[in-house]
Structure formats: structure tokens, C-alpha cells
Amino acid sequence: KGKNKKRGKGGGGADSSSSSKEVGDDSAVWQLAKVAVQKLDEKAFQGRAPTFSLPPSSSASSPFQEVYDPRQPLRLYLEDLPPALSTELLALNTGYCQSSAYSLETLLYETLLRLYPDRSGGSDPSLSHLRHVVKVVRRREEADAVFVPLPISCFLSTHFVSATAASTSPGDGGEGGEEGGEASQKERKAGNDVDYNAAVRLSERVILSLMQKKGGRWNETAGRDHVFVVGSDFAGTLVPAHSLHNSIMLVLSAEVTPTGGTAEAEQRRRRASTLAGAGPSFLASAALPLYQSYKDLTVPVVMRDPFLVERRKALPPPGKQNRPIFAYFRGKASDEGNADNYYSRGVRNEILTHLRNEKDFLVSDQSVDRGAYVQELLQSTFCLSPPGWELWAIRTFESVIGGCIPVLLADHIELPFENILDWTSFSVKVASKDVPNLPRILRAISKEDIAKKQKALDAVWRAFVFAPDQQHDMMEAVMRSLRMRVFASSRRRGNRETWM
């Protein structure tokens, strides 16, 4: 714990409230950042899933589509929060905070610390491929945006409340709340649930800290240029919507509906009311439309599956792969605490009802071991991806990595990296009401179009694996997507005075 406190206290950028000596040469901040990087190099990654090694892209050009000059990096300042609100939280539960599907908020921050400039202006040379994408700066006034390292998911994993009816408390899960990780399942069985209301209170303390910080930019910009990562279920419900309505939120689940999401928000509120860890602040936030497409972004979960990645690397090129299963889905149709048929919006029941016996479809609610599941996925042409508790589904990203064309069955969802990746080139979007018609819809897709989508998958799958030392991975994709959002939100690029 002590080591983690020491590691993170540097926070990143120079605080304007520091002494004039610290502001003048940044020596104190540089030393703290150096300590942080040393900790990363030494022991911070112990107990994590292995670092992935990705094969080189089949194309020398970037798979990302951008309208801004690709040589102009996004300039980020790393906010230095009080340790009690940031790094001390990471020290409470290092395993969950750094090795779960929800750990992107931590991994992004630690990678950005490696980009913090040393005294000569350089940074970690293994991240040199990111220098045209993102640049960490020492001073707030040099930045296009401020990154706030608020580890909400990590905080949730270490704060529980007693549940009098654990069987009706969904808790957190691995797939939009669907298939919980080992730790969360144990806690659920023990009659506990994560304290969602405490998470809202924590984020309120962080906002108050930013507002009161001498020399900070929060009051100047009303938070418009501040970036938060909320890598957990319920997305923006875990932060006070009234305080962060201007800020850029990076979330897992995003709904964009013609009515502004009010109907879905009401269903979400009903689900939230069944949770033992819910409280007034959380329930009030859960009833609001959370995602604002003009400023917020969706991000993927962190895939912790070296077996899938290694098998993907061993595949022959598109066109030479053996995929005898035409369409694939293996998963459960319901879950505990399925209030008001909220789970999967009933889509999974439709899949199992209408497609279980369809020719060339492998559809089942029976569990198999991980190796068998991955093998089935790698042998499938199309992989059905309905929602779980939330609209996002981990099998969407499994499918992309595995070269199986994802069939997206979540209505009104906004997908990760939509502003830099053309999802239509490597996936199929089908309205949930058309599940019974899927055999006809999928069989109408020509072999030529299937081949094009498989080729596109081969170009983009690396963007869904977190391997920051290598080109075109998730870290690069997140930073490119954020750069697009920040630059598009400013009338004159890099000029925060004219922020819209």
C-alpha cells in the first residue's frame, strides 16, 4: 500500500499552487513522475494478465480515420488529485483495479504517466509511436484538455454494503453486469453489493477539490476541457450529472435515442432501485439520460484473455480461415434480479427461441469451458452480440478480436471509436425486433461483402487489445478518438478560450 501511495502521488502535471521553484523548473513534479515510471517498470504490473504482443498490421497505414492533421498531438495535462481521492484508492485493491475488464481508467493514467516529459523533454521511448497522437505537458496553460485520474471502478471494487436480499441484487458483472468476475460473484454470494452511492459521493468530492484548487482550470472552463474515465457499469450514473454535464466522459455504455434516452433511463432507474448499494444520489443520477454524443465518448472494456489473442495471432489471413459455423451465440438468456425483463431487453430470449435449431447456426445457453468457447468463436463467420445488463457486450469485442463478424443487436447503442473507425465495414447492425429474421438477413449478405468485412476486421482488431507499447492498439485508439472529440469541440484548435 505504501508503495502505491508513493507511486501515484506525482499525479502527473505541475500544480499551479506549488511554490515558484517547483513551477519554474518542474523538478519536483519530474521526480515524482520518474518514481511513478520506476514503479511501473518494477512491480506495478505483478499479478496482472500478461502484456500482449501484437503482430504487425497487415497494412502500413493506420486503420483510423481522422479529419485533423495526424501530426498534431492532443496536449494533455494530468491533474494531480489528493492521494485520498486517487492513488490511495488504487492501493486498496491492486488486483481488481489493474487486471479486471473495468481497469481502463487505471491503465490509461499509468500509460500517460510514462509519457510525462523528463528534464530534456523526452519520455518513455517505447511509446514513441504515440508522439504524434498525444503529448503530456507540464503546465495546464499548455494543454488542450485536462485528464482527471478518478478510479471509480477501482473504488467500487473495494466498497461494499450489506445486502439483505443478495439474490435480487445484480451487482457488477463482467459483461454489462452479466457474467460477474470471480470477486464480485463471491461478494454477491456473501450477501454484499458494491456501494454505488459512495461512488457518487467520491466523485462529488473530486469535483469540489477541482473547484477549490488554486490555479486550476475547472472554474475557468466550467469543466468543459476536463476528461473523466468511468470504466464500469451504469456509466455516468456513478458521477454527479449536475457537476459534470460539461465534461468529456469516457464510458462503456452509451444510448442515443430519438427521445433522449428517457425511457431507457427509467428502466435503468428501476434496475438501480433493486441494488443494495443504491442510495438517493445514485438513484437520482440513474434516472437521467447519461450520454451526450456531442461531447462524450464510448470505450471498450479491457480484454484479459491471452488465449484468445494468441489464437487470433495464429490464424491464417482472411480468405484462408476455416469457419464452418455460419452464425454463433452461446450465453444465458436471463440473470438474477431480472426486474421488468430489463436484462438484455429480452433479446437473448428471442435468439434462443427462434434460432436454436436453425441450420448452420450454433445457438445455445449451455456453458462450455473457455477453450471450447474461443474455438467455436474462431470457427464462426457471424457472432451474435445482444446486450447484457447494459447495452454493451463483451462478446462484441471478443468477436472483433477473433475475426468473427459481430452482429450488433443493441438498439440505440453508440459504439467505441465511432469517430475514427467505420463499424459498418466490419460489423452488421440489426434491429432487435428483427431477431426472428436473422437467418434471411445474414444469408442475403454476399460472399464478397463477407470477405470485405473479414479483411476490415483484420485491420482493426488490434484497437481492442490494450498493448500500449505497440502501434494501433487500444491506447492509441482511445487517444485518437479523444483527440478528435477535443479538437472538434473547439472553434479554433487548441484555443481553450473559445471552447464551445
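If you average 1/r over all unlike Cα pairs in the stretch 306-465 and invert the result, what Kirkwood radius do you get in angstrom?
Computed over the stretch 306-465, the radius equals 15.9 Å.
Hey, could you grab the Kirkwood Rh for the stretch 354-419? Inverse mean 1/r over distinct alpha carbon pairs, Å, one decimal.
12.9 Å
Using each residue's phi in the stretch 148-160, evaluate 6.51 cos²θ - 1.76 cosθ + 1.60 at θ = phi - 60° and report the 3J(HN,Hα) Karplus result to the nearest Hz, with x for Gly and Pro.
Couplings: 9, x, 9, x, 4, 5, 4, 4, 4, 5, 10, 10, 10 Hz.
Each residue of the stretch 352-367 in order: what ³J(HN,Hα) in whole Hz does its phi give by Karplus 6.51 cos²θ - 1.76 cosθ + 1.60, θ = phi - 60°, with x for Gly and Pro?
Those phi angles translate into 5, 6, 9, 10, 4, 9, 6, 4, 6, 9, 10, 10, 7, 9, 8, 7 Hz.
For His412, His472, His242, what's the largest-to-smallest order of accessible area, 1.4 Å probe?
Details: His412 80, His472 10, His242 130 Å².
Ranking His412, His472, His242 by accessible area, largest first, yields His242, His412, His472.
For the peptides 213-225, 393-405, 106-118, what is the packing order when you average, over each peptide's residues, the other Cβ atoms within 10 Å and list the highest mean first?
Details: 213-225: 17.2, 393-405: 25.3, 106-118: 21.9.
Highest mean packing first, the order is 393-405, 106-118, 213-225.
Taking only protein heavy atoms and a 1.4 Å probe, what accessible area per residue, in Å², does the stretch 306-465 have with all protein chains in place?
On a per-residue basis, the stretch 306-465 sits at 39 Å².
Take the cross-link list Lys433/Lys453; Lys320/Lys452; Lys433/Lys455 and give me the ones stretching past 18 Å between alpha-carbons.
Violating the 18 Å Cα-Cα cut-off are Lys433/Lys453; Lys433/Lys455.
Principal axis lengths of the stretch 392-464 from Cα atoms, whole Å, largest first?
On the principal axes, the stretch 392-464 reaches 32, 28, 20 Å in Cα extent.
The values are calculated or read from the model by the stated rules, or taken from the named source; none is laboratory data. Computed from a predicted model, the values in this text were never measured in an experiment. Virtual Cβ from ideal backbone geometry, glycine too; neighbours counted across all protein chains shown. To get the accessible areas, we keep the full protein, side chains included, count just its heavy atoms, and leave off ligands, DNA and RNA. Shrake-Rupley method; radii C 1.70, N 1.55, O 1.52, S 1.80 Å.
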